[in-house]
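Novice: Just passing along the structure, written as structure tokens.
Bear in mind that the values in this text are calculations on the coordinates, not laboratory data. All figures in this text were calculated on a predicted structure; none of them were measured in a lab. We place every Cβ from the backbone using ideal geometry, glycine too, and count neighbours over all the protein chains shown.
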Amino acid sequence: MSSLVQHPGHEGERLQRVSDQLPCREVQAGTLLSLMGQPHQYSYPSIFIYGHRSSGKSHVMHVLLKELELPHAPVSCVECVSVALLFEQVLLSFFGADAASLLPRSPSLSDFVRVYRNQCSQCPAEQTRYIVMEKAELLRDAEANLLPALLRLQELVEDNVTVILLSEIVWDKFRPNTGCFEPLLLHFPDYSKGELQQILSHDRHPSYSAEFYSSYINILLGVFYSVCRDLRELRHLAALNFSKFCEPVVEGKVKETDTHKLWRNVEPHLKKAMRTVYLREVSSLQWEQMQQMEEKESGALRGTNTH
């Protein structure tokens, strides 16, 4: 079977593994590989990837870099609270701890460029190196010269290096007022309902059939899709509420194929779960305890009303 992700610069077996791990994101992965070009040729200096939270940007990037074994420096703009940490992370990833230790205590951009260029002369790139910056929108709050420099870092350090920025905001809101080198742009759209159904159905419980779990996901999306399209949050909700969906089957009251009765049983539970959307601190155990308390309270209230 041929891979849905194609690129002449990489082995078919590796591309197949990439494709298998990126359901519904094969098009974006293929486009990104085209922008990145051949591994041993100079790539474009910078690429700006944007899309809403949980649209697959980081996952696609991680899978490509890992499976194709591309040299890269992962940088979290949340964790790198200073430019010193950012510079250190890049040098550490590409050249090792000794290179990172050559930076002065409070390094400037010129210090970073100098150390990087010296290391390149000793260890030239055999293929494109990639600096991948997560939550890149935080760079807007950094020193004014940092973002323009990163966008043309290839020219400054004279190395085959590409900076990839991952952001939740569009480039027009990102671009510095002073002007800068323009990166290539790649948009990741939100997952459609059908795509979410396909992806979430892969997470099926081993004790139940694929059809049973798929019908559960269909019901879940019917309730939550209008208010939540975040894949991570929907995964969390699916795991949180599956036991309630299975309850009548486990108790022998209905069969797996009786979707209508399963829907009627779980619908009130899912509607109550709407209040936990985006509240990731609610664990499965806590949610069950909350439900048990509500059932006891409603039972006590019914008992009071009978007297």
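Novice: Multiply the residue separation of Ser108 and Glu13 by 0.36 nm, subtract the distance between their alpha-carbon atoms, and state the gained length in nm to one decimal. Working shown, then result.
Specialist: Values: separation 95, 0.36 × 95 = 34.20 nm, distance 4.30 nm.
29.9 nm is the gain from fully extending Ser108 to Glu13.
Novice: So how far, in whole Å, is the C-alpha centre of the range 51-126 from the one of the range 158-229?
Specialist: About 25 Å separates the Cα centre of the range 51-126 from the one of the range 158-229.
Novice: Distance cut-off 32 Å, Cα to Cα: go down the list Lys57/Lys255; Lys173/Lys193; Lys193/Lys255; Lys66/Lys193; Lys193/Lys244 and report the pairs above it.
Specialist: Details: Lys57/Lys255 40 Å; Lys173/Lys193 28 Å; Lys193/Lys255 27 Å; Lys66/Lys193 28 Å; Lys193/Lys244 23 Å.
Correct reply: Lys57/Lys255.
Novice: Would you mind ranking Thr259, Thr178, Thr128 so that the residue whose beta carbon has the fewest other beta carbons within 10 Å leads the list? Intermediate results must be reported in sequence, preceding the final value.
Specialist: Numbers: Thr259 16, Thr178 9, Thr128 22.
Lowest count first: Thr178, Thr259, Thr128.
Novice: Of Ile47, Ile219, how do they rank once you tally other Cβ atoms within 10 Å and put the fewest first?
Specialist: Numbers: Ile47 22, Ile219 18.
Least crowded to most crowded, the residues run Ile219, Ile47.
Novice: Under the rule of -39500 (n - 2.57) per DSSP H run of 4 or more residues, summed and divided by the residues of the chain, what mean residue ellipticity at 222 nm is obtained, to the nearest 500 deg cm²/dmol?
Specialist: On the way: 13 runs with 156 residues, N = 307.
The per-residue figure over the chain is -16000 deg cm²/dmol.
Novice: Between Phe181 and Ser121, what is the FRET efficiency for a Förster distance of 25 Å, r being their Cβ-Cβ separation, to the nearest 0.05? Write out the running numbers ahead of the final one.
Specialist: Values: r = 24 Å, r/R0 = 0.96.
According to the calculation, E is roughly 0.55.
Novice: So which aspartates and glutamates can Lys272 reach, going by Cα to Cα under 14 Å and dropping same-chain residues fewer than 8 places off?
Specialist: Hits, sequence-local ones excluded: Glu288, Glu294, Glu295.
Novice: Contour minus end-to-end for Leu65 and Glu195, with contour as 0.36 nm per residue of separation and end-to-end as the Cα-Cα distance?
Specialist: Details: separation 130, 0.36 × 130 = 46.80 nm, distance 2.35 nm.
Length gained, Leu65 through Glu195: 44.4 nm.
Novice: Once R0 is set to 35 Å, what does the formula 1/(1 + (r/R0)^6) return for the Cβ-Cβ distance between Val250 and Arg53, expressed as a FRET efficiency to the nearest 0.05?
Specialist: Taking R0 as 35 Å, the efficiency between Val250 and Arg53 is 0.50.
Novice: Here's a follow-up. Send over the semi-axes of the range 160-257's equivalent ellipsoid, whole angstrom and largest first, taken as the square roots of 5 times the C-alpha gyration tensor eigenvalues.
Specialist: Working: eigenvalues 350, 35, 21 Å².
Listed largest to smallest, the semi-axes of the range 160-257 are 42, 13, 10 Å.
Novice: Please list, in chain and number order, the residues 5+ apart from Leu185 or on another chain whose amide H is under 5 Å from its amide H, with Hs placed from the backbone.
Specialist: Phe48
Novice: Which one is right for this structure if Rg and Dmax of the Cα atoms in Å is calculated from it: (1) 18.3, 56; (2) 24.7, 88; (3) 19.7, 61?
Specialist: Read-out taken from this structure: (2).
Novice: Now for a different question. Go ahead and run the numbers for FRET between Thr257 and Trp171, Cβ-Cβ distance against an R0 of 41 Å, rounding to 0.05. Working shown, then result.
Specialist: Working: r = 49 Å, r/R0 = 1.21.
It comes out at approximately 0.25.
Novice: To continue, here is another question. What is the gain in length, in nm to one decimal, between Glu79 and Leu92 on full extension, counting 0.36 nm per residue of separation less the C-alpha to C-alpha distance? Show your work: numbers first, answer last.
Specialist: On the way: separation 13, 0.36 × 13 = 4.68 nm, distance 1.53 nm.
Gain on extension, Glu79 to Leu92, equals 3.2 nm.
Novice: While we're on this one: Skipping prolines and chain starts, which residues have an amide H placed within reach, meaning under 5 Å, of the one on Val132, given they are 5 or more residues away or on another chain?
Specialist: Residues meeting the amide H criterion: Ala73, Val75, Ile164.
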